[in-house]
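Only the coordinates and a few stated rules stand behind these numbers; no lab work does. The model shown is predicted, which means the values in this text are computed figures rather than measured ones. All Cβ positions, even for glycine, are placed from backbone atoms using ideal geometry, and neighbour counts span all protein chains on display.
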Amino acid sequence: MKTFLLSRTDAIGDVVLTLPLAGRLKQLYPGCRVLLLGRTYTQAIAAACPWLDGFLNYDELQQLPAAGQVAALRTVKADAMVHVFPNKALAQLARKAGIPLRIGTRNRWFHWLTCNRLVALSRKNSPLHEAQLNLLLLKPVESYEPLSLAEVARLVRLRPIVPLTPALQQLLAARQPGQLNVVLHPRSRGSAREWGLPHFATLARLLHRAGHRVFVTGTAAEGEELRSWLTEQHAFLAADLTGQLSLPELIAFLGAADGLVAGSTGPLHIAAALGRHALGLYPPIRPMHPGRWAPLGELANYLVFDRPNCQDCRALPAACSCIKALAPAQVAAQIQQWRPFQSAAF
């Protein structure tokens, strides 16, 4: 039985878009073990992915002495390690641990010294989606046949790992027939261009007037930052959930809501992978455009202003109006097309 170790030590959304690698390996090598090496804050994503058999915590690994790190990696007994996110220390560690097949990209000099299979892969100007680019790293372990984006999307899959609390069940179940439970996630923690609080406020009002129920999510720090804004929107919100949900609880909540609206953030990709409506709001500039980072899922969609590769976005990001040119009424019209989610729990 082969064991594959996927190394992705960056953000939650990036990890979600790495899941097709695990799914593809399961297709190619039935019965294989696939483990994710990631940061503590992504462990819940690994636990929620049906393709993954385990998680190796990079933050805990770093706390060990050098010899202990090598020993810990050897205990995994990996036949192959795929460096999806380049990390010099991990590339060196994999070589010292003697992992037989070590795959990295050719455009990282340290991979030439530490990996024994190199893949020509340039992400910046590629027309491919991030998930498709990740799959290119499997060239050394298969007779490579590229998958269509639709085929890749079917490999992006999560399921809740904890049940909804009774309080959250009651909160979502309180809707009337025809109402939607819509989650707004206005902040991105710097991972994406933001649509802006004024637009999210207008959208909350439009959804409230249409009879829908609006929830706001975010970290505790974001909740404090948004405190005055949330107070202003109080009459239009079913609940402010900022700072109240752990990642496993957020996964469970998004899995039971009707859908989410956000920029290119981790929660957007989580909602898409859960099979819920996920409406992403994007700027048109490369490499942040939806061609590279669109949410993948059966009910995922996105909006982007039709100004391809806007130079204002590139020269003056803070001043660019591309993403803000997406009107709240346009977003609300997309949400009105959603169908309410029927959960057995309700």
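Grab the eigenvalues of the alpha-carbon gyration tensor for segment 3-153, scale each by 5, take roots, and send me the semi-axes largest first in whole angstrom.
Details: eigenvalues 101, 62, 44 Å².
Square roots of five times the eigenvalues give 22, 18, 15 Å.
Below 8 Å between Cα atoms, with a sequence gap of 6+, how large is the relative contact order for segment 189-266 in percent? Write down the numbers at each step before the final one.
Working: 57 pairs, mean separation 30.3, N = 78.
Reported as a whole number, the value is 39 percent.
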Below 26 Å, Cα to Cα, which lysines can residue 124 reach? Residues fewer than 8 away in the same chain don't count.
88, 139, 324
Using the Cα gyration tensor of segment 43-129, with a ≥ b ≥ c the square roots of its eigenvalues, what is the shape: rounded (a/c below 1.5), prolate (a/b larger than b/c) or oblate (neither)?
oblate
Amide H contacts of residue 6 (H built 1.01 Å from N, under 5 Å, at least 5 apart or other chain):
35, 36, 37, 82
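May I ask you to sort 49, 322, 32 by Cβ crowding, counting other Cβ atoms within 10 Å and putting the fewest first? Let's see the in-between values first.
Numbers: 49 24, 322 20, 32 17.
Ascending number of Cβ neighbours within 10 Å: 32, 322, 49.
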The chain, helix-only ellipticity at 222 nm - DSSP H runs n ≥ 4, -39,500 (n - 2.57), divided by all residues, nearest 500
-9500 deg cm²/dmol
Over all directions, average the projected area of the Cα convex hull of segment 1-85 and note it in nm².
5.1
Taking θ as phi - 60°, what are the ³J(HN,Hα) couplings along segment 208-215 by the Karplus curve (6.51, -1.76, 1.60), each to the nearest whole Hz, with x for Gly and Pro?
4, 5, 7, x, 8, 10, 10, 10
Most fluctuating of 165, 114, 202 in the GNM of the chain (C-alpha, under 10 Å) is 165
Computed Rg/Rh for segment 136-191 (Cα atoms; Rh = Kirkwood radius) stands at 1.18
Using the crude model of +1 on Lys and Arg Cβ and -1 on Asp and Glu Cβ, and no other charge, please compute the dipole size for the chain relative to its Cα centre, in debye to 20.
940
Coarse-grained scattering of segment 143-271 at q = 0.11, 0.18 Å⁻¹, given as base-10 log I(q)/I(0) from a Debye sum over alpha-carbon atoms:
-0.42, -1.02
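Based on the alpha-carbon set only, what is the convex hull volume of segment 205-334 divided per residue, in Å³? Could the numbers behind the result be given before it?
Values: hull volume 15.5 nm³, N = 130.
Output value, Cα hull per residue: 119 Å³.
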Rank 304, 162, 183 by mean-square fluctuation in a GNM of the chain with C-alpha springs under 10 angstrom and give only the top-ranked residue.
162
Identify all aspartates and glutamates with a Cα-Cα distance to residue 2 below 13 Å; exclude those on the same chain that are fewer than 8 residues away in sequence.
53, 79
Among 218, 68, 54, which one shows the biggest mean-square fluctuation in a GNM of the chain, springs joining Cα atoms closer than 10 Å?
68
Using alpha carbon positions and the Kirkwood radius, the Rg to Rh ratio of the chain is 0.99
Residues 79, 306, sorted so that the one with the fewest Cβ neighbours within 10 Å comes first:
306, 79
For the chain, what does the relative contact order come out to in percent, with C-alpha contacts under 8 Å and a separation of six or more?
15
Looking at segment 163-214, what % of the alpha carbon pairs are farther apart than 14 Å?
62
Segment 237-307 shape via C-alpha gyration tensor axes, a/c threshold 1.5:
prolate
